[in-house]
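Remarks on the structure that follows.
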Amino acid sequence: MKNIGTLWLALISFLILSACIQGQVKPEHLRLTPESLAKRQLQTRVYDTGSESEVLAASSAVLQDIGFLVDESEVQLGLIVASKERTAIQPAEVTAQIILAILVSLSGNAADPVWDERQIMRISLVVTPIMAEQKGTAVRITFQRIVYTNKGTISKREALGTPKIYQEFFDKLSKALFLEAQKL
Amino acid sequence: MKKNLRKALIYWVFGFLLLLTACVSTQKRLLDSDTSQLQLRSIQTRTFDTTNQEKTLRTVMATLQDLGFMLDAGEVGLGTVSGIKWVNIHPMRITVSVRPRGETQMLVRANCQIERKPVQDPLPYQRFFAALSKALFLEAQQVE
(Lines give C-alpha, C1' and ligand atoms only; values in the text may rest on other atoms or scores of the structure.)
Protein backbone atom coordinates (compact mmCIF):
# COMPACT_ATOMS: atom_id res chain seq x y z
CA MET A 1 0.00 0.00 0.00
CA LYS A 2 2.81 2.37 0.97
CA ASN A 3 4.60 1.66 -2.30
CA ILE A 4 1.56 2.49 -4.40
CA GLY A 5 1.09 5.77 -2.55
CA THR A 6 4.68 6.88 -3.12
CA LEU A 7 4.50 5.81 -6.75
CA TRP A 8 1.34 7.85 -7.26
CA LEU A 9 2.94 10.94 -5.69
CA ALA A 10 6.06 10.49 -7.79
CA LEU A 11 3.94 10.19 -10.92
CA ILE A 12 1.97 13.34 -10.15
CA SER A 13 5.12 15.34 -9.38
CA PHE A 14 6.74 14.12 -12.56
CA LEU A 15 3.69 15.08 -14.64
CA ILE A 16 3.58 18.58 -13.17
CA LEU A 17 7.33 19.10 -13.56
CA SER A 18 7.38 17.83 -17.13
CA ALA A 19 4.64 20.30 -18.02
CA CYS A 20 6.89 23.07 -16.69
CA ILE A 21 10.07 22.17 -18.51
CA GLN A 22 8.55 21.13 -21.84
CA GLY A 23 9.86 23.03 -24.85
CA GLN A 24 12.20 25.57 -23.33
CA VAL A 25 13.68 28.06 -25.76
CA LYS A 26 17.39 28.49 -25.32
CA PRO A 27 19.02 31.85 -26.14
CA GLU A 28 21.00 30.33 -28.99
CA HIS A 29 17.78 29.39 -30.77
CA LEU A 30 17.28 32.87 -32.16
CA ARG A 31 20.80 33.94 -32.84
CA LEU A 32 22.82 34.65 -35.95
CA THR A 33 25.75 32.27 -36.16
CA PRO A 34 28.66 32.03 -38.61
CA GLU A 35 26.70 29.20 -40.21
CA SER A 36 23.85 31.62 -40.95
CA LEU A 37 25.96 33.45 -43.50
CA ALA A 38 27.15 30.22 -45.15
CA LYS A 39 23.56 29.01 -45.31
CA ARG A 40 22.45 32.29 -46.85
CA GLN A 41 25.05 31.92 -49.58
CA LEU A 42 23.99 28.34 -50.22
CA GLN A 43 20.32 29.23 -50.47
CA THR A 44 20.60 32.42 -52.56
CA ARG A 45 21.41 33.31 -56.15
CA VAL A 46 21.37 36.71 -57.80
CA TYR A 47 20.05 37.30 -61.29
CA ASP A 48 21.10 40.22 -63.45
CA THR A 49 17.67 41.69 -63.96
CA GLY A 50 15.69 44.44 -62.30
CA SER A 51 12.37 42.77 -62.95
CA GLU A 52 11.20 41.20 -59.72
CA SER A 53 7.89 40.14 -61.24
CA GLU A 54 9.66 38.33 -64.07
CA VAL A 55 11.78 36.36 -61.63
CA LEU A 56 8.75 35.59 -59.46
CA ALA A 57 6.77 34.33 -62.45
CA ALA A 58 9.67 32.17 -63.64
CA SER A 59 10.12 30.77 -60.12
CA SER A 60 6.46 29.87 -59.97
CA ALA A 61 6.74 28.11 -63.34
CA VAL A 62 9.79 26.11 -62.23
CA LEU A 63 8.01 25.08 -59.04
CA GLN A 64 5.12 23.77 -61.11
CA ASP A 65 7.55 21.95 -63.41
CA ILE A 66 9.03 20.07 -60.47
CA GLY A 67 5.60 19.09 -59.21
CA PHE A 68 4.94 21.60 -56.43
CA LEU A 69 1.54 23.14 -55.69
CA VAL A 70 1.44 26.71 -54.46
CA ASP A 71 0.03 27.05 -50.93
CA GLU A 72 0.64 30.71 -50.21
CA SER A 73 1.87 33.65 -52.15
CA GLU A 74 2.28 37.36 -51.56
CA VAL A 75 3.56 39.06 -54.69
CA GLN A 76 4.33 42.37 -53.02
CA LEU A 77 6.69 40.63 -50.62
CA GLY A 78 8.08 38.33 -53.27
CA LEU A 79 7.02 35.27 -51.28
CA ILE A 80 5.88 31.89 -52.63
CA VAL A 81 5.23 28.88 -50.38
CA ALA A 82 4.63 25.58 -52.12
CA SER A 83 4.44 21.92 -51.23
CA LYS A 84 4.08 18.48 -52.70
CA GLU A 85 3.25 15.12 -51.26
CA ARG A 86 5.03 11.99 -52.37
CA THR A 87 5.41 8.44 -51.19
CA ALA A 88 8.14 7.76 -48.68
CA ILE A 89 7.93 4.00 -48.89
CA GLN A 90 11.30 2.27 -49.04
CA PRO A 91 10.75 -1.38 -50.08
CA ALA A 92 13.74 -2.59 -48.05
CA GLU A 93 12.42 -0.97 -44.89
CA VAL A 94 8.91 -2.37 -45.34
CA THR A 95 10.26 -5.88 -46.00
CA ALA A 96 12.46 -5.73 -42.91
CA GLN A 97 9.56 -4.53 -40.75
CA ILE A 98 7.25 -7.27 -42.03
CA ILE A 99 9.83 -9.99 -41.43
CA LEU A 100 10.38 -8.66 -37.92
CA ALA A 101 6.62 -8.60 -37.31
CA ILE A 102 6.30 -12.23 -38.46
CA LEU A 103 9.14 -13.30 -36.16
CA VAL A 104 7.63 -11.43 -33.22
CA SER A 105 4.16 -12.89 -33.74
CA LEU A 106 5.64 -16.40 -34.12
CA SER A 107 7.15 -16.01 -30.69
CA GLY A 108 3.66 -15.38 -29.36
CA ASN A 109 3.68 -11.57 -29.01
CA ALA A 110 1.60 -8.94 -30.79
CA ALA A 111 3.38 -7.32 -33.73
CA ASP A 112 2.85 -3.77 -34.99
CA PRO A 113 5.13 -2.97 -37.90
CA VAL A 114 5.84 0.71 -38.57
CA TRP A 115 7.41 2.18 -41.70
CA ASP A 116 7.65 5.52 -43.47
CA GLU A 117 4.68 5.92 -45.76
CA ARG A 118 4.40 9.44 -47.13
CA GLN A 119 6.29 12.68 -47.10
CA ILE A 120 5.38 16.32 -47.61
CA MET A 121 8.07 18.51 -49.09
CA ARG A 122 7.75 22.25 -48.65
CA ILE A 123 9.59 25.08 -50.24
CA SER A 124 9.70 28.71 -49.21
CA LEU A 125 10.90 31.09 -51.92
CA VAL A 126 11.61 34.80 -51.51
CA VAL A 127 12.48 37.21 -54.32
CA THR A 128 14.19 40.45 -53.27
CA PRO A 129 15.41 43.36 -55.37
CA ILE A 130 19.02 44.29 -54.71
CA MET A 131 19.82 47.99 -54.71
CA ALA A 132 23.61 47.78 -54.52
CA GLU A 133 26.36 48.89 -56.94
CA GLN A 134 24.78 46.76 -59.63
CA LYS A 135 21.05 46.20 -59.89
CA GLY A 136 19.87 42.65 -59.51
CA THR A 137 17.26 40.35 -58.10
CA ALA A 138 18.04 37.80 -55.40
CA VAL A 139 16.18 34.53 -55.02
CA ARG A 140 16.42 32.66 -51.75
CA ILE A 141 14.90 29.22 -51.20
CA THR A 142 14.56 26.90 -48.25
CA PHE A 143 13.44 23.28 -48.44
CA GLN A 144 11.91 21.18 -45.73
CA ARG A 145 10.33 17.76 -45.55
CA ILE A 146 8.09 15.99 -43.06
CA VAL A 147 7.81 12.19 -43.22
CA TYR A 148 4.74 10.38 -41.90
CA THR A 149 4.55 6.70 -40.92
CA ASN A 150 1.86 4.20 -41.87
CA LYS A 151 0.40 4.92 -38.41
CA GLY A 152 0.02 8.63 -39.18
CA THR A 153 2.73 9.79 -36.79
CA ILE A 154 5.64 11.99 -37.79
CA SER A 155 8.81 10.02 -38.34
CA LYS A 156 11.20 12.73 -39.51
CA ARG A 157 11.30 16.47 -39.91
CA GLU A 158 14.26 17.92 -41.65
CA ALA A 159 15.42 21.01 -43.44
CA LEU A 160 16.87 19.77 -46.73
CA GLY A 161 20.18 21.36 -47.44
CA THR A 162 22.53 19.58 -49.78
CA PRO A 163 24.22 21.98 -52.24
CA LYS A 164 23.10 19.69 -55.06
CA ILE A 165 19.40 20.34 -54.42
CA TYR A 166 19.87 24.10 -54.52
CA GLN A 167 22.11 23.96 -57.57
CA GLU A 168 19.56 21.86 -59.45
CA PHE A 169 16.73 24.27 -58.68
CA PHE A 170 18.73 27.33 -59.66
CA ASP A 171 19.87 25.65 -62.89
CA LYS A 172 16.23 25.21 -63.85
CA LEU A 173 15.44 28.79 -62.89
CA SER A 174 18.37 30.07 -64.93
CA LYS A 175 17.08 28.17 -67.95
CA ALA A 176 13.59 29.59 -67.47
CA LEU A 177 14.97 33.14 -67.24
CA PHE A 178 17.64 32.75 -69.93
CA LEU A 179 19.96 34.37 -67.39
CA GLU A 180 23.01 33.21 -65.50
CA ALA A 181 22.73 32.74 -61.75
CA GLN A 182 25.40 34.40 -59.69
CA LYS A 183 26.31 33.47 -56.13
CA LEU A 184 26.04 35.99 -53.34
CA MET B 1 -6.12 -3.01 7.36
CA LYS B 2 -8.15 0.12 8.20
CA LYS B 3 -4.95 2.11 8.83
CA ASN B 4 -3.54 1.14 5.42
CA LEU B 5 -6.80 2.00 3.70
CA ARG B 6 -6.85 5.44 5.31
CA LYS B 7 -3.22 6.08 4.26
CA ALA B 8 -4.01 5.05 0.70
CA LEU B 9 -7.06 7.31 0.67
CA ILE B 10 -4.96 10.27 1.88
CA TYR B 11 -2.41 9.65 -0.88
CA TRP B 12 -5.13 9.48 -3.55
CA VAL B 13 -6.90 12.64 -2.35
CA PHE B 14 -3.62 14.54 -2.09
CA GLY B 15 -2.58 13.43 -5.56
CA PHE B 16 -5.93 14.36 -7.01
CA LEU B 17 -5.82 17.81 -5.43
CA LEU B 18 -2.34 18.36 -6.85
CA LEU B 19 -3.60 17.42 -10.29
CA LEU B 20 -6.49 19.87 -9.95
CA THR B 21 -4.17 22.77 -9.19
CA ALA B 22 -2.15 21.90 -12.27
CA CYS B 23 -5.21 22.14 -14.52
CA VAL B 24 -5.69 25.35 -16.44
CA SER B 25 -9.08 26.38 -17.72
CA THR B 26 -9.72 26.68 -21.47
CA GLN B 27 -10.69 30.31 -21.12
CA LYS B 28 -7.35 31.14 -19.57
CA ARG B 29 -5.58 29.39 -22.43
CA LEU B 30 -7.65 31.16 -25.10
CA LEU B 31 -6.94 34.64 -23.76
CA ASP B 32 -3.49 33.85 -22.31
CA SER B 33 -4.71 35.57 -19.17
CA ASP B 34 -2.21 33.83 -16.93
CA THR B 35 0.67 35.83 -18.41
CA SER B 36 1.09 39.53 -17.92
CA GLN B 37 -0.14 40.94 -21.25
CA LEU B 38 1.61 44.27 -20.87
CA GLN B 39 4.88 42.69 -19.87
CA LEU B 40 4.85 40.26 -22.78
CA ARG B 41 3.95 43.01 -25.23
CA SER B 42 6.91 45.11 -24.16
CA ILE B 43 9.24 42.12 -24.51
CA GLN B 44 7.91 41.37 -27.99
CA THR B 45 7.76 44.91 -29.41
CA ARG B 46 10.24 47.49 -30.72
CA THR B 47 9.96 50.61 -32.83
CA PHE B 48 12.23 51.69 -35.67
CA ASP B 49 12.69 55.15 -37.17
CA THR B 50 11.43 54.41 -40.66
CA THR B 51 8.24 54.91 -42.62
CA ASN B 52 8.86 52.22 -45.23
CA GLN B 53 6.60 49.36 -44.19
CA GLU B 54 7.36 47.14 -47.17
CA LYS B 55 11.12 47.45 -46.82
CA THR B 56 10.88 46.72 -43.10
CA LEU B 57 8.74 43.66 -43.79
CA ARG B 58 11.15 42.36 -46.41
CA THR B 59 14.05 42.85 -44.01
CA VAL B 60 12.13 40.94 -41.35
CA MET B 61 11.70 38.11 -43.87
CA ALA B 62 15.41 38.03 -44.64
CA THR B 63 16.28 38.11 -40.93
CA LEU B 64 13.90 35.25 -40.17
CA GLN B 65 15.43 33.21 -42.98
CA ASP B 66 18.90 33.94 -41.60
CA LEU B 67 17.72 32.71 -38.20
CA GLY B 68 16.74 29.42 -39.80
CA PHE B 69 13.00 29.91 -40.14
CA MET B 70 11.07 28.65 -43.10
CA LEU B 71 8.57 31.34 -44.09
CA ASP B 72 5.09 30.00 -44.62
CA ALA B 73 2.83 33.05 -44.80
CA GLY B 74 2.99 36.73 -45.59
CA GLU B 75 0.46 39.50 -46.10
CA VAL B 76 1.27 43.08 -47.01
CA GLY B 77 -2.17 44.45 -46.11
CA LEU B 78 -1.92 43.18 -42.55
CA GLY B 79 1.81 43.71 -42.52
CA THR B 80 2.56 40.24 -41.20
CA VAL B 81 4.98 37.45 -41.94
CA SER B 82 5.07 33.98 -40.37
CA GLY B 83 7.57 31.18 -40.24
CA ILE B 84 8.39 27.87 -38.61
CA LYS B 85 11.55 26.10 -37.55
CA TRP B 86 12.29 22.87 -35.72
CA VAL B 87 14.22 23.09 -32.46
CA ASN B 88 15.20 19.43 -32.02
CA ILE B 89 11.75 17.83 -32.14
CA HIS B 90 9.80 20.92 -31.08
CA PRO B 91 8.19 23.19 -33.66
CA MET B 92 8.88 26.89 -33.08
CA ARG B 93 6.50 29.24 -34.83
CA ILE B 94 6.88 32.98 -35.15
CA THR B 95 4.68 35.74 -36.53
CA VAL B 96 6.09 39.23 -36.95
CA SER B 97 3.84 42.20 -37.64
CA VAL B 98 4.99 45.58 -38.94
CA ARG B 99 2.67 48.54 -38.53
CA PRO B 100 3.08 52.33 -38.79
CA ARG B 101 3.31 54.15 -35.50
CA GLY B 102 2.63 57.87 -35.72
CA GLU B 103 4.18 59.73 -38.65
CA THR B 104 7.79 58.66 -38.32
CA GLN B 105 8.06 55.13 -37.00
CA MET B 106 7.27 51.46 -37.60
CA LEU B 107 6.11 49.23 -34.76
CA VAL B 108 7.45 45.67 -35.01
CA ARG B 109 5.98 42.92 -32.86
CA ALA B 110 7.24 39.34 -32.80
CA ASN B 111 5.06 36.57 -31.37
CA CYS B 112 7.04 33.42 -30.83
CA GLN B 113 5.64 30.10 -29.73
CA ILE B 114 7.33 26.78 -29.04
CA GLU B 115 5.31 23.59 -28.94
CA ARG B 116 1.99 24.99 -27.73
CA LYS B 117 3.29 27.69 -25.43
CA PRO B 118 4.20 31.35 -26.01
CA VAL B 119 7.87 32.15 -25.50
CA GLN B 120 8.11 34.50 -22.54
CA ASP B 121 11.85 34.66 -22.05
CA PRO B 122 13.00 38.15 -23.21
CA LEU B 123 16.39 36.92 -24.45
CA PRO B 124 15.34 35.27 -27.76
CA TYR B 125 13.35 38.41 -28.65
CA GLN B 126 16.35 40.63 -27.84
CA ARG B 127 18.45 38.54 -30.19
CA PHE B 128 15.84 38.70 -32.94
CA PHE B 129 15.63 42.49 -32.70
CA ALA B 130 19.43 42.76 -32.58
CA ALA B 131 19.62 40.82 -35.85
CA LEU B 132 16.79 42.89 -37.41
CA SER B 133 18.37 46.14 -36.24
CA LYS B 134 21.66 45.16 -37.89
CA ALA B 135 19.89 44.31 -41.15
CA LEU B 136 17.91 47.57 -41.15
CA PHE B 137 20.88 49.74 -40.12
CA LEU B 138 18.48 51.25 -37.59
CA GLU B 139 18.30 51.20 -33.82
CA ALA B 140 15.58 49.12 -32.17
CA GLN B 141 13.78 51.23 -29.60
CA GLN B 142 11.75 50.03 -26.67
CA VAL B 143 8.14 51.14 -26.63
CA GLU B 144 7.42 53.26 -23.54
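The values are calculated or read from the model by the stated rules, or taken from the named source; none is laboratory data. These numbers come from a predicted model, not from an experiment. Heads up, the Cβs are rebuilt from the backbone with ideal geometry, glycines too, and the neighbour counts pull from every protein chain shown.
Points worth noting:
- Inside segment A:78-121, residues that are hydroxyl-bearing (Ser, Thr, Tyr) and within 23 Å of B:Ala73 (Cβ to Cβ) make up a count of 1.
- Only one of B:Pro100, B:Pro91 that is part of a strand (DSSP E or B), at pLDDT below 90 and either facing chain A (nearest Cβ under 10 Å) or surrounded by fewer than 22 Cβ atoms within 10 Å (Cβ to Cβ) (or both): B:Pro91
- For segment A:28-44, a tally of residues being of a type in the set (Val, Ile, Thr) and either loosely packed, with under 12 Cβ neighbours inside 10 Å or facing another protein chain (nearest Cβ under 7 Å) (or both) returns 0.
- When residues of segment B:67-88 are limited to those that are β-branched (Val, Ile, Thr) and under 13 Å from A:Arg157 (Cβ atoms), the one nearest to the other protein chains (Cβ to nearest Cβ): B:Val87
- Residue in segment A:75-82 that is on the phi > 0 side of the Ramachandran plot and in contact (Cβ under 8 Å) with a residue 24 or more places away in the chain present: yes
- Search result, residues across segment A:45-68 that are more than 14 Å from chain B (Cβ to nearest Cβ), of a type in the set (A, V, I, L, M) and in contact (Cβ under 8 Å) with a residue 12 or more places away in the chain: A:Val55, A:Ala58, A:Ala61, A:Val62, A:Leu63, A:Ile66
- Consider segment B:103-138 and keep the residues that are at the interface with another protein chain (Cβ under 7 Å from one of its Cβ atoms) and part of a strand (DSSP E or B). The one that is surrounded by the most Cβ atoms within 10 Å (Cβ to Cβ) is B:Ile114.
- Taking the criterion of being within 9 Å of chain A (Cβ to nearest Cβ) and among the acidic types (Asp, Glu), the residues of segment B:49-66 that qualify are B:Glu54, B:Asp66.
- Of the residues examined, B:Leu57 is one that is under 22 Å from A:Val139 (Cβ atoms) and assigned to a helix (DSSP H, G or I).
- Evaluation of B:Leu20 against (1) within 14 Å of another protein chain (Cβ to nearest Cβ); (2) modelled with pLDDT of 80 or more (one fails), failing number: (2)
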